[in-house]
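The structure appears right after this line, and notes come after that.
The values are calculated or read from the model by the stated rules, or taken from the named source; none is laboratory data. Everything quoted here is computed from the prediction, not taken from an experiment. All Cβ positions, glycine included, derive from the backbone under ideal geometry; neighbour counts span all protein chains shown. Just so you know, the surface numbers come from the protein's heavy atoms only, side chains and all, with ligands and any DNA or RNA stripped out. Shrake-Rupley method; radii C 1.70, N 1.55, O 1.52, S 1.80 Å.
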Amino acid sequence: MSDPIARAGARAMVSGVFWNALGRGLPLLLALALTPVLVHQLGLERWGLFTLALALVGVFGVFDFGVGQALTRAVAERIGAGRAEEATGLVAAALATLAGISLLAAAGLWLAVPALVQRLLSVPEALQPQAIAAFRVMALAAPLVVLNAALWGVLAAWQRFRAANLVTIPVNVFYYLGPVLVLLVWDSLVGVMLALIACRLANTLSYTWLVRPLLPGFSWRGIRLRLVLPLLKLGGFMTFTGLATQALLYADRFLIGAMLSLSAVAFYATPLDLVLRVWILPVAVAQTLLPAFAGTFLRDPPVTAALLRRGALAIMALVLPASLLLVAAAGPLLTLWLGAEFAAGGARVLQILGVGIFFSCLAFAPNALLEAIGRPDAVAGLVLAEAAIFLPLAALLLPLLGIEGAAMAWALRAATDALAKLLLAARLYPPAAEAARALAPPLAVAGLGLAALLALPALPWLVAGGAAVLAAFLLVAFRALPEEDRLALRHPRSLLRLGSA
């Protein structure tokens, strides 16, 4: 799909969001279902090692240096400018650079594994040989993780979300099902890690098969590594922002542990982990927005502004029902999930975080625009400012209000982050100013309505109030949509016929 208007249209966005949400959602549901089985098969100690190995795989993503996202932006910009042929050399240089860096990282990790297992982790002596072998096998995943991120970035730039997710879903299913099957015939962590490596390799091969037709003349000869320098600079800011955001997400837990107690950490962290699951919705939208923004922001500013409005409203419409459910039914949800004790200790926290997650999700839309126009440095500065303000605020509120104070600081930071990113997008990309103004009424209705629900005393009042907030939001949001989208919603079949992109 090379036409900028079509790439930024409502049909393309609905298609991308649908496939990205499906690609993330199905494996997540399977993981939740299979977790008790794996815990039983491995036992607590080996399960702990397994989770550490998965965390190690997540850390491998750092060696991508944000090049995957930066590659999406750079390739999509060239496609939108009618210079798609330039993408071949850029992708070849990026893949070669990332392969070299990740191989060095894998070698370093391979050498460091014995010290990690024997000195830093409390691994029983009988399990140490198996743990060392398993972690070394997992070290082989580093190049595959990094290359997969870059290859996904290329597919995202071409908006091949349907094809990418169709090959990813079965691989991700076996990423969780494979260890269960392996343990039936080989009771070893090494076998589990080999199954995970096989899944990563299958991902690499399938992505390569999809990417090759998009890059005519691809060759490893004559690679110009200087093409990667702008990607590393842009990706460096994206990586820093991602790491800083993750640090902010976990810092309040350490504050609570230091200033209150470990039980308070549990009552706070469990509701927070639950609300963060809602991120699957805005991530699916943002993955679709980034290449569309990058392909249109130079040539078609009005189209880009309409896309920001459309994407932000889509996120709000998807997330608001989940936020209303968390605020209105926090107590019953926690009681059903974890019991009355957790409900008594964490229900109010879940309500407050339910308000904050709405703003946290909305921020994904302007964040995608800021990355697309090449200004992740502005986002990095914003994250540092938030850390300087809201970590001290959490420390101040904890002695006064307990974990509810920490939840308030988190929700306030999320609201500040969303509003600040909208203002930054409007200032750094002036065509987005009109979209930001159009988003103000539905944002105010939803945000203030959610906050007002916190004052209602009982479940019937909360349910009635939530229904009123949702109805008011839908009315205001419909008026805020671009005219073409209002017409499309009156004839929704055109949107439901998902494209092949």
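Structure values in brief
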| item | result |
| --- | --- |
| Selection of chymotrypsin sites (Phe, Trp or Tyr not before Pro), the range 130-228, meeting DSSP coil and at most 14 other Cβ within 10 Å | 186, 220 |
| At q = 0.08, 0.10 Å⁻¹, base-10 log of I(q)/I(0) for the chain (Debye sum, equal scatterers on each alpha carbon) | -0.53, -0.84 |
| Å² of accessible area per residue within the chain, as computed with a 1.4 Å probe and no ligands counted | 43 |
| Among 263-270, 229-236, 123-130, the order from most to least packed when residues are scored by Cβ within 10 Å on average | 263-270, 229-236, 123-130 |
| Sparsely packed chymotrypsin sites (Phe, Trp or Tyr not before Pro) within the range 312-389, loop by DSSP, other Cβ within 10 Å at most 12 | none |
| Hull volume in cubic angstrom per residue (convex hull over the Cα atoms of the range 195-276) | 184 |
| Inter-centroid distance (Cα atoms) of the range 105-182 relative to the range 243-282, Å | 25 |
| Surface share of carbon and sulfur [accessible, 1.4 angstrom probe, percent] for the range 156-271 | 71 |
| Relative contact order for the chain, counting Cα pairs under 8 Å that sit 6 or more residues apart, in percent | 21 |
| Of the DSSP H helices in the chain, those whose Cα atoms cover at least 27 Å axially and whose Kyte score averages 1.0 or more | 10-60, 87-115, 161-185, 189-211, 229-259, 301-328, 340-362, 376-401, 432-453, 459-480 |
| With eigenvalues of the C-alpha gyration tensor scaled by 5 and rooted, the range 352-477, Å | 27, 22, 8 |
| Of all accessible heavy-atom area on the range 405-444, the percent that carbon and sulfur account for (1.4 Å) | 71 |
